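Peer 1: Input: one structure, supplied below.
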């Protein structure tokens with residue numbers, strides 16, 4: 001399943017929360033889940049929002065993967081397909 005995830009950092013995170021968030025990101029990117037493929041990952045210049053194209057087995061699994069990030073970001077997920085072709 002292909003999805004686009006739009007993640008926005010929550011407002012008013014404390015410096016401690018921002019550090020914890022950075023730790024979660026480092027953990028994730030150093031050892032991503034085997035059942036998730038990051039196809040493309042973009043972040044806004046101010047790093048307040050990211051746009052990530054993912055391949056994942058199910059939306060339920062994606063929500064499980066996102067659970068550690070819940071205190072730091074709000075996210076929306078859209079199932080996507082190529083605009084042309086298939």
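The values are calculated or read from the model by the stated rules, or taken from the named source; none is laboratory data. Everything quoted here is computed from the prediction, not taken from an experiment. When we count neighbours, we look across all protein chains shown, and the Cβ atoms used for this are built from the backbone with ideal geometry, even at glycine.
Peer 1: Can you list residue pairs whose Cβ atoms sit under 6 Å apart, with the first residue in the stretch 1-13 being farther than 15 Å from residue 76 by Cα and the second being surrounded by 13 or more Cβ atoms within 10 Å (Cβ to Cβ) and at pLDDT 95 or above? Count only pairs 6 or more apart in sequence or on different chains.
Peer 2: That search, which allows pairs on different chains as well, returns 1/56.
Peer 1: Could you count how many residues in the stretch 59-74 are assigned to a loop (DSSP other than H, G, I, E, B) and either closer than 13 Å to residue 4 by Cα or touching a helix residue (DSSP H, G or I) at 6+ places or on another chain (Cβ under 9 Å) (or both)? Let's see the steps before the verdict.
Peer 2: Taking the stretch 59-74 as the starting set, the residues that turn out to be assigned to a loop (DSSP other than H, G, I, E, B) are 70-72.
Applying the additional criterion that residues be either closer than 13 Å to residue 4 by Cα or touching a helix residue (DSSP H, G or I) at 6+ places or on another chain (Cβ under 9 Å) (or both) yields 71-72.
Residues in the stretch 59-74 being assigned to a loop (DSSP other than H, G, I, E, B) and either closer than 13 Å to residue 4 by Cα or touching a helix residue (DSSP H, G or I) at 6+ places or on another chain (Cβ under 9 Å) (or both): 2 in total.
Each row is one residue, and each column tells you yes or no for (1) outside any helix (DSSP H, G or I); (2) touching a residue at least 24 places away in the same chain (Cβ under 8 Å); (3) closer than 11 Å to residue 8 by Cα; (4) under 11 Å from the mean Cα position of the chain (by Cα).
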{"residue": "22", "(1), (2), (3), (4)": "no, no, no, no"}
{"residue": "26", "(1), (2), (3), (4)": "no, no, no, no"}
{"residue": "32", "(1), (2), (3), (4)": "yes, no, no, no"}
{"residue": "38", "(1), (2), (3), (4)": "yes, no, no, yes"}
{"residue": "42", "(1), (2), (3), (4)": "yes, no, no, yes"}
{"residue": "51", "(1), (2), (3), (4)": "yes, yes, yes, yes"}
{"residue": "54", "(1), (2), (3), (4)": "yes, yes, no, yes"}
{"residue": "77", "(1), (2), (3), (4)": "yes, yes, no, yes"}
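Peer 1: Can you tell me which of (1) part of a helix (DSSP H, G or I); (2) surrounded by 15 or more Cβ atoms within 10 Å (Cβ to Cβ) is the one residue 3 doesn't meet?
Peer 2: For residue 3, the failing item is (1).
Peer 1: Tally time: how many residues in the stretch 9-27 are more than 13 Å from residue 70 (Cβ to Cβ), surrounded by 12 or more Cβ atoms within 10 Å (Cβ to Cβ) and out of contact with any strand residue (DSSP E or B) (no Cβ under 9 Å at 6 or more places or on another chain)?
Peer 2: Of the residues in the stretch 9-27, the ones more than 13 Å from residue 70 (Cβ to Cβ) are 11-12, 14-16, 18-19, 22-23, 25-27.
Still in the list and also surrounded by 12 or more Cβ atoms within 10 Å (Cβ to Cβ): 18, 25.
Filter once more, keeping what is out of contact with any strand residue (DSSP E or B) (no Cβ under 9 Å at 6 or more places or on another chain): 25.
Total satisfying the criteria: 1.
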